[in-house]
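Working notes, beginning with the structure itself.
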Amino acid sequence: MDSYTHNSILEHGHGHVLQVEKVFHMTPGVGENSYSHNSALQKTVISKVRPVLEGIVKALYSKENFPRYFSVADLGCSSGPNTLIVTYEMIDAIVGLCRETGHSPPELTVFLNDLPSNDFNTDFKLLPDFYAMLKKEKGNDVGPCFIAGMPGSFYGRLFPSKSLDFVHSSYSVHWLSKVPQGIKNNKGNIYMGKTSPHNVFEAYLEQFQSDFSLLLHSRADEIKLGGQMILTIIGRSIKDPTSRECCLIWELLAKCLLDMAAEGLIEEADIDTFNLPHYTPFIEEVKTIVEKEGSFVIDQLETFEVNWDGNDNEENKNYVFNKFTCGQTVSRCFRAVLESLLADHFGEAIINDLFERFAELIGEHLSMEKTKFFNIAISMERK
Ligand SMILES: C[S@@+](CC[C@H](N)C(=O)[O-])C[C@H]1O[C@@H](n2cnc3c(N)ncnc32)[C@H](O)[C@@H]1O
């Protein structure tokens, strides 16, 4: 092998080790393929958890005797409108409570956290209009609000000790810090699948256990005693890690890659060495890790489903199923999330073709069966 070929295989493909913290980011900006434009699914998830979030923020704020300063963080905020929806919901809950009780509003600090390669600029550009909207809508009922970015991995310390009252995260903590080790034998799969060898399931679970414990441990240092955290993640309702609810979507994506390999567009060996840094835990696995780590006590654990097509929700009364449109919506949503990881491994050139195939396959699938993601929202208090 000459050195050019060798280097390009290392740059992409089977010799390459994915560095999640450096590479992973949602598609930036506000263009057609951006996360900003393709995050309806995640928006639906946030709206489902809104009642829990409001209840907790109100209870916490009044329990803490209406403090003058209230400090919150959103972990894995990404870029685009969803980021500020969560911030708005928290402010709305606090303002509502202050109005009800006659207390003056607190000074709020909101930290938007994500990996350093996140498009924070898109978020920051939304801030002037957001502040203006708050002032217009809430007038003097909203106190000073300071929104800042905090780049870094949530699998480690991000904030000063005992500085946060409340931490929120939606659709982020199912992303692992790295691809589990020792799963080179996961051939033909890009995640846990029906044909994965047993060690693959063990390696994924171990990586999740270690990452999730580290997240809890890091936040335990940063959240004040009695402070709260809500995490919403994709998971599974049954123990079997090959259950369709968590594996099917990845099996369809793997099929598109395998079809491309059969046509000589990519190397099959590259598929064999690509595995997602992602885990969909069983509810009991989440509970056990929280209990074992020991810094938090679980207050509520709710589960709910959302349709693969994020536009297919209760609020969208005019929704009509269309194979082509739905396939495109789901595919674009996945592209906005995965493009950076896939391009890093297979190269940029395959992305359009891959997601066109994926859109077609998803459309076909959804025309036969409405399919949903299973989600877990867990709220906990710092002991
Ligand atoms: C699907 S997006 C969800 C974004 C937003 N919360 C929403 O609901 O629309 C997942 C986000 O988690 C971020 N993320 C993944 N791993 C992370 C880590 N270790 N530390 C910080 N952010 C991380 C990703 O960069 C991405 O922006």
- Tabulate in residue order the Karplus-calculated ³J(HN,Hα) for the range 159-175, using 6.51 cos²θ - 1.76 cosθ + 1.60 with θ = phi - 60°, rounded to whole Hz; enter x for Gly and Pro. 10, x, 4, 6, 10, 10, 8, 8, 10, 10, 7, 10, 6, 10, 6, 7, 8
- Going down the table (K58/K370; K136/K162; K255/K370; K43/K370), which pairs top 26 Å between alpha carbons? K58/K370; K136/K162
- If you find the alpha carbon centre of the range 99-127 and of the range 200-226, how far apart are they in angstrom? 24
- If R236, R50 are placed from fewest to most neighbouring beta carbons inside 10 Å, the sequence is R50, R236
- Against the longest principal axis of the chain, how steep is helix 120-138, in degrees 0 to 90 to the nearest 10, with axes from Cα atoms? 30
- For F282, enumerate residues with amide H under 5 Å from its amide H, sequence gap 5+ or separate chain, H modeled in the peptide plane. R236
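Rounded to whole Å and sorted largest first, what semi-axes of the equivalent ellipsoid does the C-alpha gyration tensor of the range 241-333 yield via the square root of 5 times each eigenvalue? Provide the component values of the computation, followed by the final result.
On the way: eigenvalues 198, 124, 16 Å².
The three semi-axes for the range 241-333 are 31, 25, 9 Å.
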- For G80, distant residues with modelled amide H under 5 Å away: D123
- Message: I'd like the orientation of helix 81-101 relative to the chain: the angle between its Cα long axis and the longest Cα principal axis, in ° from 0 to 90, rounded to 10.
- Response: 20
- About its Cα centre, how strong a charge dipole does the chain have in debye, to the nearest 20, once Lys and Arg get +1 and Asp and Glu get -1 at the Cβ? 1120
- Task: State log₁₀ I(q)/I(0) for the chain at q = 0.06, 0.09, 0.14 Å⁻¹ as given by the Debye formula over alpha-carbon point scatterers of equal weight, solvent excluded.
- Result: -0.24, -0.53, -1.26
- Task: Output ³J(HN,Hα) for the range 233-249: one whole-Hz value per residue in order, computed from phi by the Karplus curve 6.51 cos²θ - 1.76 cosθ + 1.60 with θ = phi - 60°, and x for Gly and Pro.
- Result: 9, 7, x, 9, 8, 10, 5, 4, x, 9, 4, 4, 4, 10, 9, 4, 4
- How high is the relative contact order of the range 3-382, in percent, with contacts defined as C-alpha pairs under 8 Å that are six or more residues apart? 23
- Query: By counting other Cβ atoms within 10 Å of each Cβ, how are V167, V30 ranked from fewest to most?
  - Reply: V30, V167
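Every number in this text was worked out from the coordinates using simple rules, so none of it is lab data. Quick caveat: nothing in here was measured; it's all calculated off a predicted structure. Cβ atoms come from the backbone with ideal geometry, glycine included; neighbour counts cover every protein chain shown.
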